[in-house]
1. Starting with the highest mean, order 163-175, 35-47 by the number of other Cβ atoms within 10 Å, averaged over the residues of each peptide.
2. Return the sequence-ordered ³J(HN,Hα) values of the stretch 48-61 in whole Hz as given by the Karplus equation 6.51 cos²θ - 1.76 cosθ + 1.60 applied to θ = phi - 60°, using x for Gly and Pro.
3. How big is Rg to Rh over the stretch 19-74, alpha-carbon atoms, Rh as the Kirkwood inverse-mean-distance radius?
4. Per residue, how much accessible area does the stretch 9-293 show when a 1.4 Å probe rolls over the protein heavy atoms, in square angstrom?
5. Can you divide the C-alpha Rg of the stretch 84-141 by 2.2 N^0.38 Å and report the result to two decimal places?
6. Compute the normalised compactness of the stretch 131-173: alpha-carbon radius of gyration over 2.2 N^0.38 Å, N being the residue count.
7. Looking at the calculated P(r) for the chain, what percent of the C-alpha pair distances fall above 35 Å?
8. Alpha carbons only, please: Rg and Dmax for the stretch 174-230, in angstrom.
Amino acid sequence: MYYELPMHYRQTVAGQVSLEGIGLHSGEKIAMKLIPAEPGSGVVFVRTDLGGLTIPADLDHAGPSFYATVIQKDGESVSTIEHLMAAVYSLRVDDLRVELDGVEVPILDGSSRPFVELLNTAGLKQSSVERSYLHITRPVSVSHEDKKISVYPCREYRVTYAIDFDHPLLGYQELTASLWHADDFYRKLSPARTFTFEKDVEALRRNGLAKGGSLENAVVLGEDRILNPGLRFQDEFVRHKMLDLTGDLSLLRYPMRGHVIAYRAGHDLHARLARKIHESPDSWYLAPWREEERSAAGRFDA
Ligand SMILES: [Zn+2]
């Protein structure tokens with residue numbers, strides 16, 4: 001066995017941890033707590049400022065998502081969950097209570113790294129309930145104009161992503177990576193920060209967005225230079241898109257065994273792919289690891 005995953009049972013955090021930070025869009029200071037949850041309960045957000053309103057992180061509660069991933073219930077919402085959810089999903093934290101005293105998850109440094117570190121501080125605890133994996137058996141695709149995203153059968157979770165911006169510092173970037181192990185996510189994607197264009201910042205602010213945005217939590221591209229002191233990867237931009245995709249797919253609630261191929265996608269297309277998978281039950285099945293192990297002969301890597 002090459003990839004012997006030690007954990008095929010549902011996990012939660014071993015203890016409670018918390019942090020505080022600014023919301024990217026609201027600009028508010030928000031406190032967040034991660035709290036152990038019962039096996040099978042899934043990831044549930046709790047708005048403590050709204051009397052403990054609970055919103056499950058699943059497709060039934062997914063809201064419109066153009067600038068961030070949003071879940072909603074009873075006219076209330078939690079926004080910007082994707083960087084936390086990418087870490088939670090990649091570390092195979094199946095059940096978790098996330099308490100927030102505001103409308104969005106703190107943006108921190110604009111990447112998933114602080115969330116991975118917080119989860120590592122909490123530690124993970126296995127239950128005796130087996131985890132199911134979502135096995136893609138047939139391709140599923142969605143497209144919009146020249147943007148496209150598809151998923152194909154694959155023995156692990158793997159992503160190929162291409163972005164193509166009309167900008168001298170960005171242009172075309174493409175990367176394929178295996179993201180099956182928590183460590184893959186940690187090394188390859190988790191440090192990649194969100195990015196924006198200086199020319200768009202004013203328009204976002206006029207629409208009441210990005211009020212908490214700064215060079216501390218986003219890479220900002222000017223016309224011909226990057227305003228931040230440096231990048232964390234040469235291709236940090238495409239890596240961040242893969243991170244966002246992983247957070248958006250987490251709303252499917254099960255680790256996916258499939259190869260996603262995306263061209264110029266974004267939150268909206270990611271969400272539409274997740275929904276189309278959900279609505280195409282002839283294209284996948286859910287099964288625990290044991291049943292699958294026989295055919296999982298080898299490890300592929302980028
Ligand atoms: Zn993002």
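1. 35-47, 163-175
2. Once θ is set to phi - 60°, the couplings for the stretch 48-61 become 5, 7, 10, x, x, 4, 9, 10, x, 7, 8, 5, 5, 10 Hz.
3. Rounded to two decimals, Rg/Rh equals 0.96.
4. Details: 11910 Å² over 285 residues.
Counting only protein heavy atoms, the per-residue value for the stretch 9-293 is 42 Å².
5. Values: Rg = 14.5 Å, N = 58, 2.2 N^0.38 = 10.3 Å.
Against the compact-globule rule of thumb, the ratio is 1.40.
6. My calculation over the Cα atoms of the stretch 131-173 gives 1.56.
7. Every Cα pair in the chain considered, those over 35 Å come to 14 percent.
8. That works out to 14.5, 41 Å for Rg and Dmax.
The values are calculated or read from the model by the stated rules, or taken from the named source; none is laboratory data. Since we're looking at a predicted model, the values are computed, not measured. Reconstructed Cβ throughout: ideal geometry from the backbone, glycine too, with neighbour counts over all protein chains shown. Ligands, DNA and RNA are excluded from the accessible area calculation, which covers all protein heavy atoms including side chains. Shrake-Rupley method; radii C 1.70, N 1.55, O 1.52, S 1.80 Å.
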